[in-house]
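Before I ask anything, here is the structure I am working with.
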Amino acid sequence: MNDDEKLKLEQELKKAAPLLNRLGDGSSPLPDHVRARLNAALDRKIAAASTVVEAKPAGNRRDEHEREPSWLEVWRWWIGLVTATAAIVLIVVLNRPGPNLPPVIQVAMLDSVGTVRGTGVQPLELLQQQWKAVKPQEFDDAAKLKRWEDDWPTGSKQTVVKVIYNRDAREILVLLQTKAGPPITKVLQVNDEHDLAIILASATALIKQSSNR
Amino acid sequence: MWRRLVWLLFKPASQQAQGSVEVEIEQLRANDRTAWNRAFEVLFAISLSVCCSAAPSMNHHEQEDVAVEAVEEIYDYVGKVNSFEECKRLVVTISKNRLLDRFRSKATVKHGAGQVDSLEQLEGFEAVDANQRQPDALMLAGENLMILKRALLGVPEQYREVVEEIHLKGLTQQETADKLGLKIGSIGVYLDRGLKALRQNLPPGWP
């Protein structure tokens, strides 16, 4: 080591002297009391870290099959089943046919001759008795009846029935217009007007039968 | 370069612990006590260097407290940093922040609540060389301090004592001879041998 190097080293030592002295006189680069403090702090931190690891939920360590299932996992199948059932029920309910409302009945009679016939039967009264809630229309003109016959109510959710007693043709025409399906036409012959009440009763049965389809 | 190569190949085993201390971050994460003790030495030296340069008028015990607290806090960061080098830089920042906290609380007590944002605003803070304020410079200063300390510890005891008494404690050769019970003629020889041994223990090109 030459003189320059020696001088430089001595200068460095003098510059570092205050701090070097703070690092202690012992054989260790660190004062003993500082090392003791730092090691104690390290012990505390390691212990604290170990406690945190042990306190973590056991579910992190256990095999997935062994861990206790949450309430959601237990009930999820039931919740799914109930939801699916509710959906099916809702679909069925929304698509089912509406309530079986009674048909709307309209009654008319065509009698171009009038009381001149002289059968003694009062067909209007019989019609009124058969369908008490309905007032029969009386026509003496086939064209007017035709117009009435073609006039069907629109937007009705119920079955509409037109019963036409054509006294001239001796027949009862039963026209059914259901909300779904093609119109139905039934003809009942009235050979003897004295049997009109029976025939009207069968017409009623026919209407009932056709509306329940 | 040749001198460095020779030094690397033939340096005595006792000198292998001296020089720049290499600590692996994985060892610290694994709570390796030996690694942590080596790390403490370097980190404390750096932190103390920061405290002494930034707050030279602060009480020595308080400076030591700040340095110890700063090093203790490093444990919480080993999982987040990539290398020990980052730990060294971090301890500089933490040390400054802790100094700031201490000064701030004192300023609050003395002057009432106020805004203190930097060490420069505080009483007791002395302007230091601009380079010294840079984190890397502070870190290097602390590391060099530890390298020097380790190198000194590697010097044979009878020579080291003379070097310490004269250059670190400022005694004269006569005072040193009286204190250590040596002849005055031996002091010069011991000092020379001590400095040579110290130079050999230091890495080539140091500081």
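Which aspartates and glutamates, on any chain, are close to B:LYS196 with Cα under 18 Å apart, when same-chain ones fewer than 8 places away are left out?
Partners found: A:ASP3, A:ASP4, A:GLU5, A:GLU10, A:GLU12, B:GLU157, B:GLU161, B:GLU164, B:GLU165.
Moving on to the next point. For a footprinting-style exposure proxy, rank B:LYS149, A:LYS186 by other Cβ within 10 Å, fewest first. Walk me through the numbers on the way to the answer.
Numbers: B:LYS149 21, A:LYS186 17.
Going from least to most buried by this count: A:LYS186, B:LYS149.
Let me ask something else. For each of A:LEU23, A:LEU175, A:LEU9, count neighbouring Cβ atoms within 10 Å of the residue's Cβ, then give the residues from fewest to most. Each step should come with its number before you reach the end.
Details: A:LEU23 24, A:LEU175 17, A:LEU9 21.
Fewest to most other Cβ atoms nearby, the residues stand as A:LEU175, A:LEU9, A:LEU23.
Highest mean first, what order results for B:175-185, B:157-167, B:196-206 on Cβ atoms within 10 Å?
Put in order of decreasing packing, that is B:157-167, B:196-206, B:175-185.
Set the bar at 27 Å for Cα to Cα. Now go through A:LYS14/A:LYS45; A:LYS15/B:LYS96; A:LYS144/A:LYS186; A:LYS15/B:LYS80; A:LYS157/A:LYS186; A:LYS45/B:LYS169 and name every pair that lies beyond it.
A:LYS14/A:LYS45; A:LYS15/B:LYS80; A:LYS45/B:LYS169, as the Cα separations exceed 27 Å there.
Label A:ASP151 and A:ILE46 with points 7 Å out from Cα along Cα→Cβ: what is the distance between them in nm?
So the two model labels end up 10.5 nm from each other.
For a footprinting-style exposure proxy, rank A:TRP131, A:TRP78, A:TRP148 by other Cβ within 10 Å, fewest first.
A:TRP78, A:TRP148, A:TRP131
In whole Hz, what ³J(HN,Hα) sequence does region A:31-48 give by Karplus (6.51, -1.76, 1.60; θ = phi - 60°), x for Gly and Pro?
For region A:31-48, the Karplus-derived couplings read x, 4, 5, 5, 4, 4, 4, 5, 5, 5, 5, 4, 4, 5, 5, 5, 4, 5 Hz, x marking Gly and Pro.
What FRET efficiency do you get for A:VAL134 and A:LEU90 if R0 is 30 Å and r is their Cβ-Cβ distance, rounded to the nearest 0.05?
The pair A:VAL134/A:LEU90 has a calculated efficiency of 0.20.
Just tell me which aspartates and glutamates come within less than 14 Å, Cα to Cα, of B:LYS106; anything on the same chain fewer than 8 places away is out.
B:GLU62, B:ASP117, B:GLU123
Values in this text are rule-based calculations from the coordinates and carry no lab data. Values in this document were obtained by computation on a predicted structure and should not be read as measured data. All Cβ positions, even for glycine, are placed from backbone atoms using ideal geometry, and neighbour counts span all protein chains on display.
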